[in-house]
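Enquirer: My questions will all concern the structure given below.
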Amino acid sequence: MKSIMDLTLLSAISPVDGRYRKQTEALAPFFSEFGLIQYRVRVEIEYFIALGEKRIFPLKASSHQDLRKIFQ
């Protein structure tokens, strides 16, 4: 059976993943390096949208709506 996230350097939570992968697999999407990168990108996109909505820089009104649809 294929796991949700194959064990790689990006999906590992810590060195204990090798021995205890079955017990830690459900946490990998949130606490792994991949999870950190994924949520960091999400925060950056939300920040970008918020700056556009506050008119800090020019962004078409439809652009923030389109970005929100893509990333939610």
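The values are calculated or read from the model by the stated rules, or taken from the named source; none is laboratory data. Remember, predicted model here, so these are calculated numbers, not experimental data. Using ideal geometry, Cβ is built from the backbone for each residue, glycine included, and neighbour counts are taken over all protein chains shown. Heavy atoms of the whole protein, side chains included, go into the accessibility calculation; ligands, DNA and RNA do not. Shrake-Rupley method; radii C 1.70, N 1.55, O 1.52, S 1.80 Å.
Enquirer: Is it the case, given these coordinates, that Gln23 is over 16 Å from the mean Cα position of the chain (by Cα) and at pLDDT 80 or above?
Expert: Criteria met by Gln23.
Enquirer: Take the residues in the stretch 22-39 that are within 12 Å of Asp6 (Cα to Cα) and among the aliphatic types (A, V, I, L, M); name whichever of them is least open to solvent (accessible area, probe 1.4 Å).
Expert: Per the criteria, the residue is Ala28.
Enquirer: Let me ask something additional. Looking at this structure, is Phe71 out of contact with any strand residue (DSSP E or B) (no Cβ under 8 Å at 6 or more places or on another chain), at pLDDT below 75, open to solvent by 40 Å² or more (accessible area, probe 1.4 Å) and of a type outside the set (S, T, N, Q)?
Expert: Against the criterion (out of contact with any strand residue (DSSP E or B) (no Cβ under 8 Å at 6 or more places or on another chain), at pLDDT below 75, open to solvent by 40 Å² or more (accessible area, probe 1.4 Å) and of a type outside the set (S, T, N, Q)), Phe71 qualifies.
Enquirer: Looking at Gly52, Gly18, Gly35, which is the one that is part of a helix (DSSP H, G or I), more than 18 Å from the chain's Cα centre (by Cα), modelled with pLDDT of 80 or more and not hydroxyl-bearing (Ser, Thr, Tyr)?
Expert: Sole residue among the options that is part of a helix (DSSP H, G or I), more than 18 Å from the chain's Cα centre (by Cα), modelled with pLDDT of 80 or more and not hydroxyl-bearing (Ser, Thr, Tyr): Gly52.
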